[in-house]
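Following: one structure in structure tokens, then a few remarks.
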Number of protein chains: 2
Amino acid sequence: MDKLLVVKFGGTSVGSIERIKNAARKVIDKVQQGYKVVVVSSAMAGETDRLINLAKEIDPLPPERELDMLVSTGEQQAIALFAMVLNSMGYPAVSLCGWQVPIITDSVHTKARVRKIGVQRLKNILKEGYIPVVAGFQGVTEDWEITTLGRGGSDLTAVALAYALGADCEIYTDVEGVFTADPRIVPSARKIARISYEEMLEMASLGAKVMQARSVEFAMKYNVRIHVRSSFSDQEGTWIVPEEEVMEKVAVRAITLETKESRITVVRVPDRPGIAYRIFKALGDAHIVVDMIVQNVSHQGYTDLSFTVNKADAPRAEEIVRKVAQEIGAQEVVRDDNVAKVSVVGIGMKSSYGTAAKMFEVLYKNNINIMAISTSEIKISCLIDQKYGELAVRELHSAFVEEGEEIKIVNDGT
Amino acid sequence: MDKLLVVKFGGTSVGSIERIKNAARKVIDKVQQGYKVVVVSSAMAGETDRLINLAKEIDPLPPERELDMLVSTGEQQAIALFAMVLNSMGYPAVSLCGWQVPIITDSVHTKARVRKIGVQRLKNILKEGYIPVVAGFQGVTEDWEITTLGRGGSDLTAVALAYALGADCEIYTDVEGVFTADPRIVPSARKIARISYEEMLEMASLGAKVMQARSVEFAMKYNVRIHVRSSFSDQEGTWIVPEEEVMEKVAVRAITLETKESRITVVRVPDRPGIAYRIFKALGDAHIVVDMIVQNVSHQGYTDLSFTVNKADAPRAEEIVRKVAQEIGAQEVVRDDNVAKVSVVGIGMKSSYGTAAKMFEVLYKNNINIMAISTSEIKISCLIDQKYGELAVRELHSAFVEEGEEIKIVNDGT
């Protein structure tokens, strides 16, 4: 059998019949290069939102089972049209809903997890010379209920199918790949040829919108090689691969900026055991995800405690913390929405020194105050005043990426 | 178990969220009357056409399997929204696609025939106190391919489910029921309380658009009682029932007008065996359905042969017959698009005399020439000049229905 490839198109890539034709040509290119291709498609751009709005006209919180029933039609329409386009171009194709593959999931509607994938039908279709076009984002429970996989679900479908079939995975999207920084902020930002799962995962959580963390995690767990690229050009994009396949040795791979967080500070908290527990237990009970947490050393038995949460959760978090603050005798609670988190990411950091110091130096030299710091093995994040966010990214990009070690662009040769 | 009822809504009855709410109230009324209700819904008005147009943008003749995949999403959206509406009104509901019921069909895409219906899941859902909302028009093959049932398919779904569950069937549509004549032509036309399957079948083939002949045939075969009524009023509609349940004794139930046919005449055909065969064999080979056929007695070895076909097929039929005419030495072929078929329909005709004579008398008194006549056990049709069509219907309605035997309106008491 020829080499297998799973090729996924996002909503903008199939947003009109013209665009589906463009996407189909990409598929045909691959077939002509000798690949057996499995296509995964999202719904046409806008369709899922249209359906969700119809549902919300009825009920702000419609039953999730029915919501899945409704929105899964978006992908079903896209795959039928995609298969028609391939057929009309002379390449016989067969569309398949999640339940027809089948892609078996648990029964948690609107955010189901894939449990099992049947590949026999796909293999038969490929063997008969047809191109299977699979609906992304959707699955089916053992009880024949339609489920959807939640945000980024179509990417997950593609990565999971690639794993199940032992194939590589191409994700066609509306950007050229993963960049060393957001090109709208840093015009000299460069496309990254290869990036490790770990780096991509950090970047996804740090605000880079190319892929959802969930699909990258899955790919990492099962060693699926992903090629993220634009459906509107023929350029190579970015390969997301195991660390050992990333041959460029750089300490810092990319700079990210996240402006969607707020900082909440509990001022003059009595410094005794159990205080942090009470605050973060209350937030956890309210399903609020806390990101950075900073507690300074105490003075005369009092300390300040800061943390960041998603801006959308911030007013609710503030309210919850205000109650706890009263109970524990803190002085006040202050919320700051004008913060930004700037981060440097790179697996090279594991084995290099001085990255943190250099980052702090760059910020200091630009008179940017650091409000909080958090680190992992492969990233350093600093919380700063939001108005300095873009400046910080540019300066860090210049210091680490442009003036840093030479970055060798490696073509993967497939 | 309470009495079961299958309730079907057409596309206009679910054409907007407001209309779905209206339809849901009809369902809830029935539940409050003590019925267990199974809902069948068509796609929202316009959606199926929108999808077919998208497909035709790609390919004037898209693969039928993919067309079924595409258009079946219309009903799926409608049932999800319908279930959400019922839920929001406090009546828990569960939507089901054809494959989830399952409604098993053969594999003739776009016009599949129902082979088998699984009722266990429906019964379980009803038992748990939920209202099942089933997608009309669609089924699934034994190989898990989505099929659709062709024109009038949602009615068929409803009738077939009613049969499978031993239930009566209510068809909600945008008309009040079946009338003694088209009320736009005959303002004094009356709604018929009860009509037999046979009469309804004749009327469906004669141009009455309330129900497709196919669903009536199915209902007749399996003795399913159908109540056709408007979703925009609370009036009783028309019951379509076995002949023995139609208690009113009238010779003529209704007058119909069909203006979609053309007449083709082969002039001066040599009158010898095999001529009619050659003409109608050629039309049959071209899949053209012939309706009325008239051949006069011959004069000096020649005769004229006329027949009617659907207007859409008429040019093609003329062309085919012209070729045959040449081969068999007929003088010429004449096509007339300005014809109308006016019919009187009623099971009472089986046991009454003089209906034909009275019909001819009415036409004669109005100076309307009869071009052709065809009869069945329960109907008489006359082909006339189209410009007299509406006049003929009014005069026949007046003679047979208004001045005819007293029509007793019988309420069914359910």
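The values are calculated or read from the model by the stated rules, or taken from the named source; none is laboratory data. Since this is a predicted model, take the numbers as computed values, not measurements. Counting neighbours? That spans all protein chains shown, and the Cβs are built from the backbone with ideal geometry, glycine included. When the accessible area is computed, the model is the full protein with side chains, heavy atoms only, and any ligands, DNA or RNA have been set aside. Shrake-Rupley method; radii C 1.70, N 1.55, O 1.52, S 1.80 Å.
Any residue in region B:84-97 that is of a type in the set (S, T, N, Q) and in contact with a Ser or Thr (Cβ under 6 Å, 6 or more places away or on another chain)?
Just the residues of region B:84-97 that are of a type in the set (S, T, N, Q), to begin with: B:87-88, B:95.
Restricting the remaining residues to those that are in contact with a Ser or Thr (Cβ under 6 Å, 6 or more places away or on another chain) gives none.
Taking every residue of region B:84-97 in turn, none turns out to be of a type in the set (S, T, N, Q) and in contact with a Ser or Thr (Cβ under 6 Å, 6 or more places away or on another chain).
Can you tell me how many residues in region A:368-402 are assigned to a helix (DSSP H, G or I), more than 23 Å from A:Tyr353 (Cα to Cα) and free of Cβ contacts under 8 Å to residues at least 60 places away in the same chain? Spell out how you get there, then give the answer.
The first filter runs over region A:368-402 and keeps only residues assigned to a helix (DSSP H, G or I), leaving A:386-402.
When the remaining residues are screened for being more than 23 Å from A:Tyr353 (Cα to Cα), the result is A:386-391.
Right, trim to free of Cβ contacts under 8 Å to residues at least 60 places away in the same chain and you get A:387-388, A:391.
Matching residues across region A:368-402 total 3.
Of the residues A:Arg151, A:Arg115, A:Arg65, only one is open to solvent by 30 Å² or more (accessible area, probe 1.4 Å) and within 11 Å of chain B (Cβ to nearest Cβ); which? Please lay out each step first, then the result.
On the way: A:Arg151 fails: within 11 Å of chain B (Cβ to nearest Cβ); A:Arg115 fails: within 11 Å of chain B (Cβ to nearest Cβ).
Selected residue: A:Arg65, the only one of A:Arg151, A:Arg115, A:Arg65 that is open to solvent by 30 Å² or more (accessible area, probe 1.4 Å) and within 11 Å of chain B (Cβ to nearest Cβ).
What tally of residues in region A:321-335 results from selecting those that are open to solvent by 40 Å² or more (accessible area, probe 1.4 Å), under 29 Å from A:Leu206 (Cα atoms) and either of a type outside the set (Val, Ile, Thr) or assigned to a helix (DSSP H, G or I) (or both)?
Residues in region A:321-335 being open to solvent by 40 Å² or more (accessible area, probe 1.4 Å), under 29 Å from A:Leu206 (Cα atoms) and either of a type outside the set (Val, Ile, Thr) or assigned to a helix (DSSP H, G or I) (or both): 2 in total.
Which of the residues that make up region A:161-197 are within 15 Å of A:Val39 (Cα to Cα) and either surrounded by 18 or more Cβ atoms within 10 Å (Cβ to Cβ) or acidic (Asp, Glu) (or both)?
Matches in region A:161-197: A:Leu161, A:Ala162, A:Tyr163, A:Ala164, A:Leu165, A:Ala167, A:Asp168, A:Cys169, A:Glu170, A:Ile171, A:Tyr172, A:Thr173.
Got at least one residue in region A:81-97 being within 23 Å of the chain's Cα centre (by Cα) and at pLDDT 95 or above?
Filtering region A:81-97 for residues within 23 Å of the chain's Cα centre (by Cα) gives none.
No, that holds for no residue.
Restricting the first residue to region A:24-53 and requiring it to be closer than 10 Å to A:Val7 by Cβ and at pLDDT 95 or above, which pairs with a second residue that is buried (at least 20 other Cβ atoms within 10 Å of the Cβ) and aromatic (Phe, Trp, Tyr) meet a Cβ separation below 7 Å and a spacing of at least six or different chains?
A:Lys26/A:Tyr172; A:Val39/A:Phe82; A:Ser41/A:Phe9; A:Ser41/A:Phe82
Take the residues in region A:301-317 that are open to solvent by less than 90 Å² (accessible area, probe 1.4 Å) and of a type in the set (D, E, K, R); name whichever of them is farthest from A:Ile328 (Cα to Cα).
Here the residue is A:Lys311.
Restricting attention to region A:344-368, which residues are of a type in the set (Phe, Trp, Tyr) and either under 20 Å from A:Glu199 (Cα atoms) or surrounded by fewer than 14 Cβ atoms within 10 Å (Cβ to Cβ) (or both)?
Within region A:344-368, the first condition is being of a type in the set (Phe, Trp, Tyr), and the residues that meet it are A:353, A:360, A:364.
Matches in region A:344-368: A:Tyr353, A:Tyr364.
Can you name the residue in region B:78-97 that is open to solvent by 10 Å² or more (accessible area, probe 1.4 Å) and in contact (Cβ under 8 Å) with a residue 12 or more places away in the chain and is also farthest from the other protein chains (Cβ to nearest Cβ) among such residues?
The qualifying residue farthest from the other protein chains (Cβ to nearest Cβ) is B:Tyr91.
Name the single residue that is nearest to the other protein chains (Cβ to nearest Cβ) among those in region A:14-48 being open to solvent by less than 30 Å² (accessible area, probe 1.4 Å) and touching a Lys or Arg at 6+ places or on another chain (Cβ under 6 Å).
That would be A:Val40.
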